[in-house]
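*Asks:* Got a structure for you, questions after.
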């Protein structure tokens, strides 16, 4: 209290708290983290076995796929699009990996993994091209490709199943390898989160993704190559879904045409819970990753807390509603602050 | 065609440019030369084609005919990025900011200063932003998001952005609409210093005092055509207004004399913060009242509030003495108001439905039996009104989207007249309609008034306003700035009131 309060500068424009909305967004990520910690603490109190190292490994492994998918999804959602086909892409990529091992057992693992990622990127290319050229909302396009990619998967698999025995031991070992005590897939996921966060935050083209989702019309007027950027986001998302497919194959070893079915909604849920605005323009991959970890943790904590599986879905639903409610609250608050200045012009 | 034999070619010129949107010719054979070291004003009424011209120069639209010249060289701007590369910076009428990005990023989007490894150098960006704001003499936190900035501050960010380009050509499309006096002065100082450094500036404004204070030459456009370019020193406000509106007021608008009756619609103290304030007027039966003014003056917003589409913060709307509940279109309809909206494709019609379905949309319940709508009943009801309005459609079951603009408008009118309203509000009733149909719509409005309907007409077309209205209310920046009787209303008086000028206009 000893320092005198400085006068506000004479010409301070804008009014209100200039950083309130940013602070609110960070508060959002902190909120998720808090919820996560709370959940873990309570569950551990009920059942001390929850924090055993085996269980943590399981948790991290479980969250890996969802986290990677949520990161990719975030890149698409910030541009005011959405990709519902990620579950099918994951399935297709996983099956491609398995098939390659069956047909060419001598191929190096790295090459096969790369092929899985490329399959995903190709699917993303299809999505992005359709969205950019057909001028159809991404929701509709990817709802279509969700079934198309799944259909290709079924046609390809034609009822067969690939088992762990068909794949090399070292590949299946990826899931059990650990780096500094952390399972390798989790390390990969963390690298993906950090890489994507770095790119979106610090590179021109990354910031342009936010600009596009924030105000598409203004983005075009500013000369941002909107279609190219959106295409890029879809390809990146596809590639990440492909990567998730590779990790899925390595972890579960049993692959058929139904792998990844229904995953897309969980991915979107993770991103939304993590504070990624569904209408684009805001949200970070860190938030989305936290959302994914939170959803996974709920999945494994609730059975320990002896909560009915039905309630588990209800809790996820509630979280989404809370997340959207917070978005809405923010929008209403800003709108109220804006009133008095805004004219809806012609 | 012939290039000027001037020593240095102008940094930017538009040569014989034409641009159409569907049937609407927005630009026809317009040439404009922006010279280095000159501030050039562009004046014209609503719909004269100014914004289209700006967007053509900015690379948003590509001209159908004619071309753009940069330094005398014919050039094609395939997109806004091309125009930016040629040194053209644009401040658009509507701020084009990204609400989720920071102020600094909004200014430097696509051009953020880069540090090591092509990463964005945030501190350099912040410093550059502060320098720009210092030049403008304002302070806005570069790190705050653009969301929540007032319109004036958004405009200042736009100006800072245009400055940051070090543009050779600066286009300002009504940049001062939201600014206060001091901010306008600062903007002018910046514009002058840019000019003195050899930039070409194009300034668009409806405020004549600004145009005359700032600009070296004035170009007037009307109906998408180039009218004249003169040095400011040789012009007066009166001369500019005359060339802006100077078209023939034809006898196309036959308003019949009617017996004016009781007050039907009474609006008192209607206010919606930031959009319009203290709007008072009444409309009597048998009367046509026009609501004139520039685009963005708040006319459409007022009629939307009266009809209950938007809410309002203060004031009352009475129909036949009964107060209406705010924000309830159903209540307005029940009280006998009909609103024919401005944008008939978006708000007036369901384009994918048939003519008859559209025409009977307002009477679904009255026409249904046992809760079901019978096609025959719909067709009969639609037929009566479409015949009366002479809608030209192959079949009533044709999609309404297949009709011409004029006939679509008649379907919208039919739909609302079928509710037998006491008050008919029409927002830009003849926009984008051919001359023949226009006259029919006018005849119809006049007939309806003759039968005792109270008609409130929002129109940007002065001849229409002057020809049709018994009284003219002129709006300027959200307020009614003048109420003119039929005899008082002329193109000049309406234009002066709409631009917020004093009544006696002969400037020295």
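The values are calculated or read from the model by the stated rules, or taken from the named source; none is laboratory data. Just so you know, these numbers come straight off a predicted model, no measurement behind them. Ideal geometry is used to build each Cβ from the backbone, glycine not excepted, and the neighbour counts take in all protein chains shown.
*Asks:* Any chance the stretch A:54-62 includes a residue that's at pLDDT below 95, crowded, with 23+ Cβ neighbours inside 10 Å and under 19 Å from the mean Cα position of the chain (by Cα)?
*Replies:* no
*Asks:* When you go through B:499, B:493 one by one, which is the residue that is buried (at least 17 other Cβ atoms within 10 Å of the Cβ) and modelled with pLDDT under 85?
*Replies:* B:499
*Asks:* Within the group A:90, A:45, A:38, which residue is modelled with pLDDT of 80 or more, surrounded by 13 or more Cβ atoms within 10 Å (Cβ to Cβ) and away from every other protein chain (no Cβ under 14 Å)?
*Replies:* A:90
*Asks:* Out of all the residues in the stretch A:246-257, is one or more more than 18 Å from residue A:142 (Cα to Cα), within 14 Å of another protein chain (Cβ to nearest Cβ) and not in a helix (DSSP H, G or I)?
*Replies:* No: the stretch A:246-257 contains no residue that is more than 18 Å from residue A:142 (Cα to Cα), within 14 Å of another protein chain (Cβ to nearest Cβ) and not in a helix (DSSP H, G or I).
*Asks:* Now a separate question. Using the structure shown, decide if residue A:301 is at pLDDT 90 or above and part of a helix (DSSP H, G or I).
*Replies:* Spelling it out, it is not the case that residue A:301 is at pLDDT 90 or above and part of a helix (DSSP H, G or I).
*Asks:* Could I ask something else about it? Considering only residues that are closer than 21 Å to residue B:333 by Cα and modelled with pLDDT of 80 or more, which ones fall in the stretch B:366-383?
*Replies:* Correct list: B:378, B:381, B:382.
Let's see how each residue does on (1) in contact (Cβ under 8 Å) with a residue 12 or more places away in the chain; (2) over 23 Å from the mean Cα position of the chain (by Cα):
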site: B:453; (1), (2): yes, yes
site: B:470; (1), (2): yes, yes
site: B:476; (1), (2): yes, no
site: B:487; (1), (2): no, yes
site: B:490; (1), (2): yes, no
site: B:501; (1), (2): yes, no
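*Asks:* Out of B:281, B:307, B:276, report the one residue that is touching a helix residue (DSSP H, G or I) at 6+ places or on another chain (Cβ under 8 Å) and more than 10 Å from every other protein chain (Cβ to nearest Cβ).
*Replies:* Of B:281, B:307, B:276, the one residue that is touching a helix residue (DSSP H, G or I) at 6+ places or on another chain (Cβ under 8 Å) and more than 10 Å from every other protein chain (Cβ to nearest Cβ) is B:307.
*Asks:* Among residues belonging to the stretch B:150-161 that are within 12 Å of chain A (Cβ to nearest Cβ) and touching a residue at least 40 places away in the same chain (Cβ under 8 Å), point out the one that is surrounded by the fewest Cβ atoms within 10 Å (Cβ to Cβ).
*Replies:* B:151
*Asks:* Determine whether the stretch B:142-149 contains at least one residue that is over 22 Å from residue A:210 (Cα atoms) and either in contact with a helix residue (DSSP H, G or I) (Cβ under 7 Å, 6 or more places away or on another chain) or surrounded by fewer than 19 Cβ atoms within 10 Å (Cβ to Cβ) (or both).
*Replies:* No, every residue in the stretch B:142-149 fails to be over 22 Å from residue A:210 (Cα atoms) and either in contact with a helix residue (DSSP H, G or I) (Cβ under 7 Å, 6 or more places away or on another chain) or surrounded by fewer than 19 Cβ atoms within 10 Å (Cβ to Cβ) (or both).
*Asks:* Hey, another quick one. Would you mind stating whether residue B:128 is outside any helix (DSSP H, G or I) and more than 10 Å from chain A (Cβ to nearest Cβ)?
*Replies:* Judged against the criteria, residue B:128 is not a match.
*Asks:* So for the stretch B:170-180 (the condition being assigned to a loop (DSSP other than H, G, I, E, B), at pLDDT 85 or above and out of contact with any helix residue (DSSP H, G or I) (no Cβ under 8 Å at 6 or more places or on another chain)), does at least one residue qualify?
*Replies:* Scanning the stretch B:170-180 turns up no residue that is assigned to a loop (DSSP other than H, G, I, E, B), at pLDDT 85 or above and out of contact with any helix residue (DSSP H, G or I) (no Cβ under 8 Å at 6 or more places or on another chain).
*Asks:* Suppose we keep only residues that are in contact (Cβ under 8 Å) with a residue 60 or more places away in the chain and facing chain B (nearest Cβ under 10 Å) within the stretch A:192-210. Which one would you say is surrounded by the fewest Cβ atoms within 10 Å (Cβ to Cβ)?
*Replies:* Among residues in the stretch A:192-210 that are in contact (Cβ under 8 Å) with a residue 60 or more places away in the chain and facing chain B (nearest Cβ under 10 Å), the one surrounded by the fewest Cβ atoms within 10 Å (Cβ to Cβ) is A:201.
*Asks:* Go through A:260, A:242 for me and flag whichever is touching a helix residue (DSSP H, G or I) at 6+ places or on another chain (Cβ under 9 Å), more than 14 Å from chain B (Cβ to nearest Cβ), on the phi > 0 side of the Ramachandran plot and crowded, with 24+ Cβ neighbours inside 10 Å.
*Replies:* A:260
*Asks:* Where residues in the stretch B:76-124 are within 16 Å of residue A:207 (Cα to Cα) and assigned to a strand (DSSP E or B), which of them is nearest to the other protein chains (Cβ to nearest Cβ)?
*Replies:* Across the stretch B:76-124, the extreme among qualifying residues is B:120.
*Asks:* Report, by residue number, each residue of the stretch B:46-75 that is in a loop (DSSP other than H, G, I, E, B), in contact (Cβ under 8 Å) with a residue 60 or more places away in the chain and away from chain A (no Cβ under 14 Å).
*Replies:* Within the stretch B:46-75, B:48, B:49, B:71, B:72 qualify.
*Asks:* Right, here's the next one. Could you check, for the stretch B:302-313, whether at least one of its residues is in contact (Cβ under 8 Å) with a residue 40 or more places away in the chain and more than 16 Å from residue B:425 (Cα to Cα)?
*Replies:* There is at least one residue in the stretch B:302-313 that is in contact (Cβ under 8 Å) with a residue 40 or more places away in the chain and more than 16 Å from residue B:425 (Cα to Cα).
*Asks:* Pull up the stretch A:263-282, narrow it to residues that are closer than 14 Å to residue A:320 by Cβ and assigned to a loop (DSSP other than H, G, I, E, B), then point me to the one that is farthest from the other protein chains (Cβ to nearest Cβ).
*Replies:* Filtering the stretch A:263-282 for residues that are closer than 14 Å to residue A:320 by Cβ and assigned to a loop (DSSP other than H, G, I, E, B), the one farthest from the other protein chains (Cβ to nearest Cβ) comes out as A:274.
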